[in-house]
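To start, the structure under review is shown below, and the notes come after it.
The values are calculated or read from the model by the stated rules, or taken from the named source; none is laboratory data. Since the model is a prediction, treat every value here as computed from it, not as a measurement. Cβ atoms come from the backbone with ideal geometry, glycine included; neighbour counts cover every protein chain shown. Accessible surface is based on the protein model in full, side chains and every heavy atom, while ligands, DNA and RNA are left aside. Shrake-Rupley method; radii C 1.70, N 1.55, O 1.52, S 1.80 Å.
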Amino acid sequence: MKAIVKKNPALGLVIEERPIPQIGERDILIKIRKTSICGTDVHIYKWDEWAAKTLPLSSIIGHEFVGIVEKVGSKVVDFAPGDRVSGEGHLTCGHCRECKNGRRVLCPNTRGIGVNRDGCFAEYLSLPEENAFKIPNEIPDEIATIFDPLGNAVHTAFSTELVGKDVLITGAGPIGLMAIALAKKAGARTVVISDLNPYRLELAKKFQPSRIIDVSKESIGDAMKELDIQYGFDVSLEMSGSPQAFASLGEFTACGGEIMLLGILPAGAIINWHQVIFKMLKIKGIYGREIFRTWFQTLHLLQSGLDVTPVITHEFPMEEFEKGFEIMLSGNSGKVILDWTHL
Ligand code: NAD
Ligand code: ZN
């Protein structure tokens with residue numbers, strides 16, 4: 001089979017012929033239809049410090065996918081050949097305190113497909129059945145393949161109550177953009193998004209937030225005045241990973257407000273702790289998805305009319321993956337999809 005592999009400790013990836021993976025008795029073999037490129041894959045493409053210390057060379061990369069079950073192991077009960085599936089890329093141990101408590105999202109032994117073991121940028125993927133998720137017919141492949149990042153947005157936005165709230169989202173990357181649609185659907189009073197990349201600011205218009213802020217030109221405070229938000233935002237969703245955006249949340253989040261941190265900030269990012277303490281702000285870190293609570297929420301939101309299609313801006317046949325990574329690196333894209341259906 002064809003696979004996209006991190007071959008050399010340098011910029012780039014290569015397409016290689018690989019054997020179709022073996023499956024264990026509780027695994028399913030999935031024939032991949034579409035995959036999408038995540039920021040993590042871009043780190044691996046660039047071979048930055050994180051990638052170099054995390055990823056074994058010769059790994060097949062990728063963790064966002066949709067495909068069709070081709071074969072199942074002898075002890076698989078919930079899946080059969082022909083089922084269309086996506087899947088949770090975080091493999092949890094099943095034995096630790098958190099897994100046994102039904103909180104797999106907190107498993108300290110989590111391993112990621114396409115990072116700690118071979119991933120889905122290949123014609124076939126072997127996945128434990130407990131990580132697979134059936135996708136109903138009405139969900140198109142393009143949306144099914146982005147359940148993982150959409151799930152990140154769902155996990156973050158639905159970690160608190162948004163009804164009637166003023167919501168600030170910092171960072172109009174794919175996850176921030178999808179969070180606009182979620183906050184609106186959840187009944188927020190205003191949804192304000194900030195960024196500084198012109199392409200992303202333009203793309204944000206398609207999601208019709210209450211206000212789009214170009215932080216290179218204007219302040220979040222200006223937008224608050226315009227929208228008559230007197231006390232600050234009730235909920236701030238940090239989805240940029242920018243220390244500047246994080247630092248501003250102490251000022252612009254309302255007293256008693258909540259700050260959700262999904263963006264991966266540098267370890268030393270700072271906030272004014274006096275603002276956090278005296279305004280009694282709550283800060284919560286968000287990692288991945290609450291398996292499978294978030295997956296069902298995501299599915300049911302889509303089935304009840306959630307529309308995130310404008311976030312998908314490019315699609316290329318898998319052979320042209322370089323184009324996909326280049327456009328991701330430029331910042332001039334939303335989600336970029338690779339198509340495998342012709343193989
Ligand atoms: P992305 O990098 O495509 O988007 C980030 C956006 O933030 C960009 O459009 C950038 O221009 C913008 N930005 C930069 N500085 C800013 C500032 N000062 N104010 C406002 N916006 C600013 O990322 P994405 O794929 O949408 O993911 C969002 C973040 O979530 C990233 O940091 C990513 O690493 C992180 N992430 C975390 C998890 C998790 O489990 N915690 C999972 C997936 C992604
Ligand atoms: Zn565990």
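Note on region 187-235: the alpha carbon radius of gyration divided by the globular reference 2.2 N^0.38 Å gives 1.12.
Applying 0.36 nm per residue to the separation of A52 and I20 and subtracting their alpha-carbon distance, the gain on full extension is 8.9 nm.
Please report, to one decimal in angstroms, the Kirkwood hydrodynamic radius of region 153-285 built from all distinct Cα-Cα pairs.
14.3 Å
Computed extension length for E202-S216: 3.6 nm, one decimal, from 0.36 nm per residue of separation with the Cα-Cα distance subtracted. When the listed pairs K205/K279; K185/K206; K206/K335 are checked against a 21 Å cut-off, the alpha-carbon distance exceeds it for K205/K279. Rolling a 1.4 Å probe across the protein heavy atoms gives region 153-285 an accessible surface of 45 Å² per residue. Straight-line reach from K284: taking Cα to Cα under 20 Å and skipping same-chain neighbours fewer than 8 places apart, the lysines in range are K165. With the convex hull drawn around the C-alpha atoms of the chain, the volume per residue stands at 135 Å³. Axis of helix 321-330 versus longest Cα principal axis of the chain: the two differ by about 10°, to the nearest ten degrees. Partner aspartates and glutamates whose Cα lies under 16 Å from the Cα of K217, excluding those fewer than 8 positions away in the same chain, are identified as D195, E202, E226. Solvent-accessible area assigned to carbon and sulfur over region 30-69 amounts to 55 percent, based on a 1.4 Å probe.
When the solvent-accessible area of region 117-221 is split by element, carbon and sulfur atoms take up 51 percent of it, the probe being 1.4 Å. Give the share of C-alpha pairs in each 10 angstrom bin for region 43-94, from 0 to the last occupied bin, in whole percents, shortest bins first. Whole-percent P(r) values from 0 Å outward: 19, 36, 28, 17, 1.
The heavy atoms of L302 offer some 30 square angstrom of accessible surface to a 1.4 angstrom probe. Put a dot 7 Å past the Cα of K100, heading toward its Cβ, do the same for F296, and the two dots end up 2.4 nm apart.
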